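Okay, structure first, notes after.
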Amino acid sequence: LPHNNIIIMSASGGASSKDEISSSRRSSLSANRSPSMVLGPRVSSVKIINPTSLFVPSKLTSEVFSTENPPLDWADAGLLIPHEAIRRQMTMMLQSVNAMSDSPEDKEAWKLTLFSKWYIEYLYESVHEHHDAEEKIYFPWMITKTTIPEKEFGQSHEELMSAMAEIKQCCAEIIKKGGKGCSAQVATLKEKVPKFDVDMRAHLKEEEETVPALLRENFTHEEEGQIVEQILQAGGLGLAKKFLPAVLLAAQEWTTDAFYADFVGSIPPPIKHLVDKYFLPDFENVVMIMRDAPTLASEPKLKRVPCCGIPFCFPCLI
């Protein structure tokens with residue numbers, strides 16, 4: 001689903017494996033830029049004349065947008081913000097599944113259990129919320145003014161969620177078995193995850209080919225911004241914790257420093273505190289390691305980061 005809006009005055013005109021956020025960009029999260037209490041960054045705060053000062057097309061994972069066909073405006077960027085995050089997470093998921101031994105030893109059970117917990121608690125929840133928001137809020141809003149081409153939208157959502165549920169069930173079985181004796185489950189993951197990866201990328205490509213033109217022809221950036229804020233509110237802090245770090249890490253790569261500074265600078269101060277002190281450190285120190293566990297040589301010691309520097313507080317329990 002698109003994430004918000006950008007105002008563009010003119011339309012002139014390979015993804016990195018880096019999965020970290022620079023200290024200079026992270027420091028921009030501490031700036032107090034927006035008086036509005038929303039639960040995520042607001043692309044409508046980015047007002048840049050030339051699109052070349054917004055994007056780094058060579059770093060996009062999109063099959064639609066590239067150096068030859070760069071994104072131009074708010075309609076393109078609104079889709080790329082969540083889509084780039086999802087595609088990058090899927091790339092790392094596929095890498096982990098490929099790294100799994102066909103006959104895993106019990107001493108490496110932790111690799112399977114950590115990955116399975118990551119999939120169930122983070123990727124599944126984030127993508128499921130993303131598609132729910134499209135089906136229940138975003139697409140119904142779009143059809144008030146336009147017609148969305150049939151293609152595969154409705155059916156593909158259902159099929160993708162069914163595939164994700166099958167992978168989730170497999171991961172749940174791994175967790176139940178403590179990661180031991182899971183050769184059958186690993187075989188299932190090696191069969192289903194690559195197919196899901198291909199199908200999801202095709203689905204995201206279809207949306208990026210179709211939706212931006214419909215937005216430009218029928219809506220203003222202000223109208224789209226209002227519906228996106230409704231989606232953010234519906235997701236709540238729980239979704240912000242699970243998905244916002246992935247969005248920011250991806251945006252660090254495919255957007256320019258100027259775009260990124262304004263983008264994260266629009267996060268309201270209380271949410272910035274959680275992002276800067278808890279959500280991002282937790283994602284980098286725990287979530288990414290869980291995701292990448294099958295590729296690691298030794299079992300990691302995971303320690304979550306209290307957002308206030310104390311063992312217990314309300315935001316840490318979210």
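The values are calculated or read from the model by the stated rules, or taken from the named source; none is laboratory data. If you're wondering where the values come from, they're calculated on a predicted model, not measured in any experiment. Heavy atoms of the whole protein, side chains included, go into the accessibility calculation; ligands, DNA and RNA do not. Shrake-Rupley method; radii C 1.70, N 1.55, O 1.52, S 1.80 Å.
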Reachable lysines from Lys145, Cα under 23 Å, same-chain residues fewer than 8 places away excluded? Lys136, Lys205
Amide H to amide H under 5 Å from Phe55: which residues, 5+ apart in sequence or cross-chain, H placed 1.01 Å off N in plane? Thr256
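Note the full-extension length gain between Glu121 and Ser101 as 0.36 nm times their separation in residues minus their Cα-Cα distance, in nm to one decimal.
In short, 4.9 nm is gained.
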Residues of type aspartates and glutamates that Lys59 reaches as a straight line, Cα spacing below 14 Å, ignoring anything fewer than 8 places off in the same chain: Asp19, Glu68, Glu84, Glu253, Asp257
Filtered hits (lysines, Cα-Cα < 28 Å from Lys107, offset >= 8 within chain) -> Lys117, Lys168, Lys176, Lys177, Lys180, Lys190, Lys192, Lys301, Lys303
Please turn the phi angles of the stretch 183-189 into ³J(HN,Hα) values with the Karplus equation 6.51 cos²θ - 1.76 cosθ + 1.60 (θ = phi - 60°), one per residue in order, whole Hz, x for glycine and proline. 4, 5, 5, 4, 4, 5, 4
Express the accessible area of the stretch 203-243 per residue in Å², computed with a 1.4 Å probe while the remaining protein chains stay in the model. 40 Å²
